[in-house]
1. Which of the lysines could a cross-linker bridge to Lys68, judged by Cα under 20 Å and excluding same-chain residues fewer than eight apart?
2. Check the straight Cα-Cα distances from Lys149 and name the lysines below 25 Å, setting aside those fewer than 8 residues away within the same chain.
3. Collect residues whose amide H, placed 1.01 Å from N in the peptide plane, falls under 5 Å from the amide H of Val65; neighbours closer than 5 in sequence don't count.
4. Tabulate in residue order the Karplus-calculated ³J(HN,Hα) for the range 142-149, using 6.51 cos²θ - 1.76 cosθ + 1.60 with θ = phi - 60°, rounded to whole Hz; enter x for Gly and Pro.
5. Just flag the chymotrypsin sites (Phe, Trp or Tyr not before Pro) in the range 33-129 sitting in loop per DSSP whose Cβ has no more than 11 other Cβ atoms within 10 Å.
6. May I ask you to evaluate 6.51 cos²θ - 1.76 cosθ + 1.60, the Karplus curve with θ = phi - 60°, for each residue of the range 90-99 and list the ³J(HN,Hα) values in order in whole Hz, giving x for glycine and proline?
7. Modelling each spin label as a point 7 Å along the Cα-to-Cβ direction, I'd like the Lys64/Arg82 distance in nm, to one decimal.
8. Once R0 is set to 22 Å, what does the formula 1/(1 + (r/R0)^6) return for the Cβ-Cβ distance between Arg118 and His95, expressed as a FRET efficiency to the nearest 0.05?
Amino acid sequence: MQNIIRRSFVKSALASAVVVAVGSSLHRSALAADEFLDVKFAKDPRNLQAGLETAHTPSMTVEKVDSKGVAYGKTPAGDFYRVSVQARHEATKEHHIYGIALYLNGELVAEHTMNQARAEASLPAVSFVQRLKTGDDLLAVSICNLHGKWGNRATV
């Protein structure tokens with residue numbers, strides 16, 4: 001009798017784990033798709049207006065890195081780039097950037113959440129290493145707790 005109860009428990013536990021895993025991946029995809037709906041962009045990214053545009057529009061630098069410095073073992077050969085994203089934004093408990101996301105050709109590939117416990121201790125500057133190729137479209141999004149999502153694009 002205990003074996004039957006244990007088997008039933010194990011089956012339902014495994015089924016629950018599958019449902020949670022599938023549900024969270026579906027939720028993540030939906031979250032990534034929604035990210036673009038309310039992103040604000042500067043009118044002229046090369047000439048940011050003082051105020052909201054200057055503080056919230058993330059700057060992005062892309063530099064090629066030696067793959068030996070970032071890849072290990074059986075990682076396939078390819079061109080790796082360090083993508084650095086920064087928003088020139090204040091960092092106070094009341095007003096701060098709480099996250100930065102990086103999209104590659106419309107797909108979320110990296111994100112970073114700033115220190116929420118001590119927002120004033122985290123400046124909105126992060127670097128991601130990605131394998132990129134010529135023509136790839138990058139979108140960096142900074143997320144302000146008061147003024148929403150702000151984006152900037154770059155093409156490799």
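All of the numbers you see were taken from the coordinates with simple rules; none came from a lab. Computed from a predicted structure; not experimentally measured. Backbone-built Cβ (ideal geometry, glycine too); neighbour counts: all protein chains shown.
1. Correct list for Lys68: Lys133.
2. Straight-line reach from Lys149, under 25 Å: Lys40, Lys43, Lys93.
3. When sequence neighbours closer than 5 places are left aside, the close amide H contacts are Phe80, Tyr81, Arg82.
4. Here the 3J(HN,Hα) series is 9, 10, 9, 5, 10, 10, x, 9 Hz.
5. Counting only loop positions with at most 11 other Cβ atoms within 10 Å, the chymotrypsin sites (Phe, Trp or Tyr not before Pro) in the range 33-129 are Tyr72.
6. Per residue, the Karplus-derived 3J(HN,Hα) values read 5, 10, 10, 4, 7, 8, 7, 7, 9, x Hz.
7. Label at Lys64, label at Arg82, 1.6 nm between them.
8. Details: r = 14 Å, r/R0 = 0.64.
Once the sixth-power term is evaluated, E becomes 0.95.
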